[in-house]
Amino acid sequence: MREVRKAVEFLEGSDDICVIADIDADGVAGAATLREAFDVSEVLFPPGGMYGVPPDMMEEALRSHDLVVTVDLSPPAGCPEPDRVVIVDHHPPDGEPRAAAVVNPHVVPTLGDASASALAGMLAHLAGRRFRPWVSLVGAFGDNMARGPVFETLKGSVDPVYLRGGHGRLNLLQNVAAHVNAARRVMFDEGARIALEVISEAETPKDVLEDPELSRCRMEVRRETERLMSEAEVEDFGAGCGLATVASGFDVEGILALRLLDDEGMRLVAVYNETPKPCGYVKVSFRSDGSVDAGVVARELASELGGRGGGHREAAAVYFEPGPDVSEAFRRVVSRRPPKLDL
Ligand SMILES: [Mn+2]
């Protein structure tokens, strides 16, 4: 685990770290963990619902800080000075990642399945720093990645009450993840910023769940999801793949895709939200039962739409400029049945 040791050395050796994190529960929990354990002077989130690190944000962070750590994200292609960058991510990298250290299970397979926040917890633990292990597990629950050796190790130092759920009830950390995710679904990077401060101040998961602003977001997301569920119609494109089109100012297409996947008993559901994000892009989210690779579908659709796409087998997304006929593009992807799609 040379990469992991190198990452710890870089984090310990810098007193001016900039963290650039994804806006979801995994990114927020990972950023909170690193900020608690190391000398992090600034945390940045991609603006306006954008996914990925904008090149100008990366350059500015490198100009103003000694070390830049990307969490649940990787640097953009052509990033200057990769020797001052540490990557803490668990997404399949686009080509060979260039950085001083890459903490990513796709690059270091012995890490096993892990969320970015759990990887951040592992780094804090290895450095012998103070941090709240329960915070580092929030992303594991948010990403449905509560498994693997890193998670299991950190779990040993978390109050078991936080993990007790079942019988259709979410456990406390799953609820915290839903609270944090609700904030960014309503307010994007601003929501992530608020959630970061709430989770940083919290002594226990209950403190996060009692925060009035996050609770309000959670309620609004629930209401909006129900409204859209009552209107959404999934069109079947064959091979168990369907598409629904909605319009919402909230970033709820991922939740809808999962709900529709369960309701319709399909293998893959895509939800196209035709309302642009504040950053100007529109998004299609995919959820799969695992028998179809949603990440492959996302990348295929992205090339059809001239956008950017990717993700995991069970969950993926595509971002693109408004305009193209999404339904036609999706039909072409499904009918082409790319071999890696497993259709
Ligand atoms: Mn993640």
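The values are calculated or read from the model by the stated rules, or taken from the named source; none is laboratory data. What you see is a predicted model, and the numbers here were worked out from it, not measured in a lab. Please note: Cβ atoms are built from the backbone with ideal geometry, for glycine as well, and neighbour counts cover all protein chains shown. Remember, those area values only see protein heavy atoms, side chains included, never the ligands or the DNA or RNA. Shrake-Rupley method; radii C 1.70, N 1.55, O 1.52, S 1.80 Å.
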Between helix 116-126 and the chain, what is the angle of the helix's C-alpha long axis to the longest principal axis, kept within 0 to 90° and rounded to the nearest 10? 10 degrees
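Please report the antiparallel percentage of the DSSP beta bridges confined to the chain, to the nearest 5.
Numbers: 19 of 41 bridges.
Here the antiparallel bridges make up roughly 45 percent for the chain.
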For the range 233-320, radius of gyration divided by Kirkwood radius, i.e. Rg to Rh on alpha-carbons: 0.94
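In nm, what is the difference between 0.36 nm times the number of residues separating Glu59 and Arg223 and their Cα-Cα distance?
Numbers: separation 164, 0.36 × 164 = 59.04 nm, distance 3.93 nm.
Gain on stretching Glu59 to Arg223: 55.1 nm.
Over all directions, what mean area does the Cα convex hull of the range 30-103 project, stated in square nanometres?
Hull-based average projected area comes out at 4.9 nm².
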Would you calculate the convex hull of the Cα atoms in the range 2-174 and tell me its volume per residue in Å³? 107 Å³
Along the charge dipole of the chain, Cβ charges K/R +1 and D/E -1, which of Leu11, Gly309, Val333 sits furthest on the positive end? Val333
Longest principal axis of the chain (C-alpha) makes with the long axis of helix 172-201 (C-alpha) an angle, in degrees to the nearest 10, of 80 degrees
Charge tally in the Cβ shell below 9 Å around His179, where Lys, Arg are +1 and Asp, Glu are -1, His179 excluded: 0
Rounded to 5, the percent of DSSP beta bridges in the range 2-174 classed as antiparallel: 5 percent
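Between Ser303 and Arg2, what is 0.36 nm times their sequence separation minus the Cα-Cα distance? Round to one decimal in nm. Each step should come with its number before you reach the end.
Numbers: separation 301, 0.36 × 301 = 108.36 nm, distance 3.57 nm.
Extra length available between Ser303 and Arg2 comes to 104.8 nm.
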Working from Cα positions, state the angle (0 to 90°, nearest 10) between the long axis of helix 253-264 and the longest principal axis of the chain. 50 degrees
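Can you check what the net charge comes to around Asp159, using other residues whose Cβ is under 12 Å from the Cβ of Asp159 (Lys, Arg +1; Asp, Glu -1)? Don't jump to the answer; show the numbers that get you there.
Working: positive: Arg132, Lys155, Arg164, Lys206; negative: Glu203.
Residues close to Asp159 contribute a combined charge of +3.
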Most mobile listed residue (Arg227, Arg84, Arg169) in the chain, GNM with C-alpha springs under 10 Å: Arg169
Ranked highest first by average number of other Cβ atoms within 10 Å, how do 47-60, 22-35, 255-268 line up? 22-35, 255-268, 47-60
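Quick one: dipole size for the chain, taken about the Cα centre, charges +1 on Lys/Arg Cβ and -1 on Asp/Glu Cβ, in debye to the nearest 20. Write down the numbers at each step before the final one.
Working: 36 positive and 56 negative charges, 160 e Å.
Using only the charged Cβ atoms, the result is roughly 760 debye.
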At q = 0.08, 0.10, 0.12, 0.13 Å⁻¹, what is the log10 ratio I(q)/I(0) for the chain, with the Debye formula run over Cα points and no solvent? -0.36, -0.56, -0.83, -0.98
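So with the 1.4 Å probe, I'd like the accessible area per residue for the chain, rounded to whole Å².
Details: 14520 Å² over 343 residues.
The answer is 42 Å² per residue.
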Considering amide H positions built from the backbone, and no H for Pro or chain starts, which residues 5 or more places from Leu44, or on another chain, come under 5 Å of its amide H? Val19, Ile20, Ala21
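Using a 1.4 Å probe over the heavy atoms of the protein chains, calculate the carbon and sulfur portion of the accessible area of the chain as a whole percent.
On the way: 6930 of 14520 Å².
Result for the chain: 48 percent of the exposed heavy-atom area is carbon or sulfur.
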Listed residues Val85, Val40, Val108, most fluctuating in the chain (Gaussian network, C-alpha, under 10 Å): Val108
Ordered by residue, what ³J(HN,Hα) values in Hz, to whole numbers, does the range 57-65 give under the Karplus form 6.51 cos²θ - 1.76 cosθ + 1.60, where θ = phi - 60° and Gly and Pro are x? 5, 4, 5, 5, 4, 5, 5, 9, 9
Under a Cβ-Cβ cut-off of 12 Å, what is the net charge of the residues other than Glu203 that fall near it, where Lys and Arg count +1 and Asp and Glu count -1? -2
